[in-house]
Amino acid sequence: MIRNLLAKFAIISLAVVATTSFAEAHASLDSASPAVGSTVSSSPGQVTLRFTEGLEPKFSGAQVHNSAGARVDTGSSVSGSTMRVGVKNLGPGAYTVEWHALSVDTHKTQGSFTFHVGK
Ligand SMILES: [Cu+2]
């Protein structure tokens with residue numbers, strides 16, 4: 001009984017370690033400006049996303065939409081592990097950044113986050 005539990009625990013531990021090291025090898029979002037979930041006092045001019053891995057520029061990008069679903073970015077560019085998204089002059093409101101990335105290790109990742117522009 002105890003031996004069974006130990007065996008199960010060992011297998012679960014291995015699975016967790018494997019999953020974690022797998023995830024770290026992919027390009028996940030490290031930080032963003034404006035920061036994820038933050039409120040900025042005025043339009044940021046651009047959104048900068050920093051990733052944990054180098055990105056393939058041709059297959060990585062991001063779009064920004066306002067709360068009505070309209071696109072408010074002017075295109076994105078990638079350099080190394082940094083993605084920059086130009087944005088129009090943003091009025092007060094909530095904005096969603098949707099990104100997709102192909103890291104140099106050929107793994108695809110994607111995600112989204114929101115920031116707010118205050119009055
Ligand atoms: Cu990877």
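Can you tell me which residue among Ser31, Ser38 is touching a Phe, Trp or Tyr at 6+ places or on another chain (Cβ under 6 Å), at pLDDT 95 or above, away from the ligand (no atom under 16 Å from the Cβ) and closer than 25 Å to Val72 by Cα? Outline the logic, then answer.
Working: Ser31 fails: touching a Phe, Trp or Tyr at 6+ places or on another chain (Cβ under 6 Å).
Exactly one of Ser31, Ser38 is touching a Phe, Trp or Tyr at 6+ places or on another chain (Cβ under 6 Å), at pLDDT 95 or above, away from the ligand (no atom under 16 Å from the Cβ) and closer than 25 Å to Val72 by Cα, namely Ser38.
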- Mind checking whether some residue in the stretch 50-59 is modelled with pLDDT of 95 or more and within 12 Å of Val97 (Cα to Cα)? no
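Output the residue which, of all residues in the stretch 47-62 that are away from the ligand (no atom under 16 Å from the Cβ) and within 13 Å of the chain's Cα centre (by Cα), is surrounded by the most Cβ atoms within 10 Å (Cβ to Cβ).
Step one: list which residues in the stretch 47-62 are away from the ligand (no atom under 16 Å from the Cβ), which gives 47-50, 57-58, 61-62.
Imposing the further condition that a residue be within 13 Å of the chain's Cα centre (by Cα) reduces the set to 47-50, 61-62.
Numbers: Val47: 23, Thr48: 14, Leu49: 25, Arg50: 13, Gly61: 19, Ala62: 23.
Looking at residues that are away from the ligand (no atom under 16 Å from the Cβ) and within 13 Å of the chain's Cα centre (by Cα), I get Leu49.
Anything in the stretch 70-119 that is of a type in the set (Lys, Arg), modelled with pLDDT of 95 or more and away from the ligand (no atom under 16 Å from the Cβ)? List them, or say none.
First, pick out the residues of the stretch 70-119 that are of a type in the set (Lys, Arg): 71, 84, 88, 108, 119.
Then keep just the ones that are modelled with pLDDT of 95 or more; that gives 71, 84, 88, 108.
Answer for the stretch 70-119, where residues must be of a type in the set (Lys, Arg), modelled with pLDDT of 95 or more and away from the ligand (no atom under 16 Å from the Cβ): Arg71, Arg84, Lys88.
The values are calculated or read from the model by the stated rules, or taken from the named source; none is laboratory data. Please read these numbers as outputs of a predicted model, since none were measured by experiment. Here the Cβ is made from the backbone with ideal geometry for all residues, glycine too, and neighbour counts use every protein chain on show.
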